[in-house]
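Let me begin by presenting the structure, written as C-alpha cells, before commenting on it.
Values quoted throughout were computed directly from the atomic coordinates according to the rules given, and no laboratory measurement underlies them. Owing to the predicted nature of the structure, the values given are computational and were not obtained by experimental measurement. Note that we place each Cβ from the backbone using ideal geometry, even for glycine, and neighbour counts take in every protein chain shown.
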Amino acid sequence: MNFTLNGLPGLFGIPWLFAVFLALQCLVILVLAFAVKNDATSIDRRSGLFLVGPWTWFFVVLFAGGYLPSLAYWLIHYSSLRFRREEKG
C-alpha cells in the first residue's frame with residue numbers, strides 16, 4: 001500500500017494523520033496564546049508590561065505561530081536578559 005498526498009510520502013501521505021497533526025498544533029497554539037494572555041494580565045497588574053498589553057501578546061502568539069512569540073514573551077518578561085529597573089527609595 002502506497003500512501004501519498006500531493007507528493008508527500010510516508011506518514012504525511014495519510015490525510016487523516018495530517019489533519020490530526022494540524023488540529024493538535026492549532027490547539028497547542030491556542031493554549032499558548034491564552035496562557036501568555038493570562039500571565040501578561042497578571043504582570044500588567046503588578047508591574048506593567050514592556051511596550052504592549054496582554055491582548056496584543058495574545059494575538060501575536062495566536063497569529064504568528066505560537067512557539068517563537070511565546071519564547072520572545074518569556075525572554076522579555078522572565079529571562080535574565082530582561083532589563084530590570086532599580087527602585088529608588
Inset, instruction - Take the Cα atoms of the range 9-77, build their convex hull, and give its volume per residue in Å³. - result: 77 Å³
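In what sequence, highest mean first, do 34-41, 67-74 appear when ranked by Cβ atoms within 10 angstrom? Walk me through the intermediate numbers first.
On the way: 34-41: 17.1, 67-74: 15.6.
For the peptides 34-41, 67-74, the packing ranking is 34-41, 67-74.
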